[in-house]
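Derivation of every value follows stated rules applied to the coordinates shown; laboratory data play no part. Since the model is a prediction, treat every value here as computed from it, not as a measurement. All Cβ positions, glycine included, derive from the backbone under ideal geometry; neighbour counts span all protein chains shown.
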Amino acid sequence: MIESEHLLISTAFLKAGRNVIAIQFTAGNLSLNRNDEYVYTLLVPDRARTVFPCFDQPDLKASFHLSLTVPAHWQAMANAPRLDSTIAGSRKTINFQPSAVIPTYLFSFVAGKFTAVSRTMQGRPMTLLHRETDT
């Protein structure tokens with residue numbers, strides 16, 4: 001049963017041990033910040049539910065496995081390392097490794113017309129995506 005945007009599951013349907021619940025969900029664009037040149041997430045606990053079904057309680061976190069299909073000339077970054085990418089025509093699909101176990105509102109990605117700058121500082125590799133819009 002759904003009540004006030006919450007899925008309520010009666011204990012009559014639960015059994016001891018592992019239970020599986022299948023949910024069909026269509027996400028909207030409410031939590032995506034976008035224009036013709038980029039798209040990114042900026043989730044807060046209140047907005048994560050517009051991207052995917054959430055169990056927002058401290059002991060229920062998940063690992064996310066993200067794939068993005070974007071224009072071939074775009075850069076992309078997520079809160080997990082890139083696994084691989086393929087190009088088909090004017091699009092590329094970027095697959096990321098599974099993220100660490102995190103709360104839904106920390107799920108994040110950015111994609112767009114960015115310039116990538118990479119450095120290693122104190123043995124830690126870092127990449128920054130930026131846009132120069134003011135010469």
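Quick notes on this structure:
- Which of Ile21, Val39, Gln97, positive extreme of dipole for the chain (C-beta unit charges): Gln97
- Contour minus Cα-Cα distance for Thr120 and Ser90 (0.36 nm per residue): 7.6 nm
- A full extension of the chain between Leu32 and Leu128 corresponds to an added length of 32.6 nm, given 0.36 nm per residue minus the alpha carbon distance.
- Alpha-carbon centroid distance for the pair region 68-90 / region 1-31, whole angstrom: 31
- Highest average packing first - 106-115, 37-46, Cβ atoms within 10 Å: 106-115, 37-46
- Note on region 19-68: with charges restricted to the Cβ of Lys and Arg (+1) and Asp and Glu (-1), its dipole about the Cα centre is near 80 debye.
- As a calculated quantity, the FRET efficiency between Arg82 and Arg18 at R0 = 30 Å, using C-beta atoms, amounts to about 0.40.
- Only the Cβ atoms of Lys and Arg (+1) and of Asp and Glu (-1) were treated as charged; on that basis the dipole of the chain about its Cα centre amounts to roughly 420 debye.
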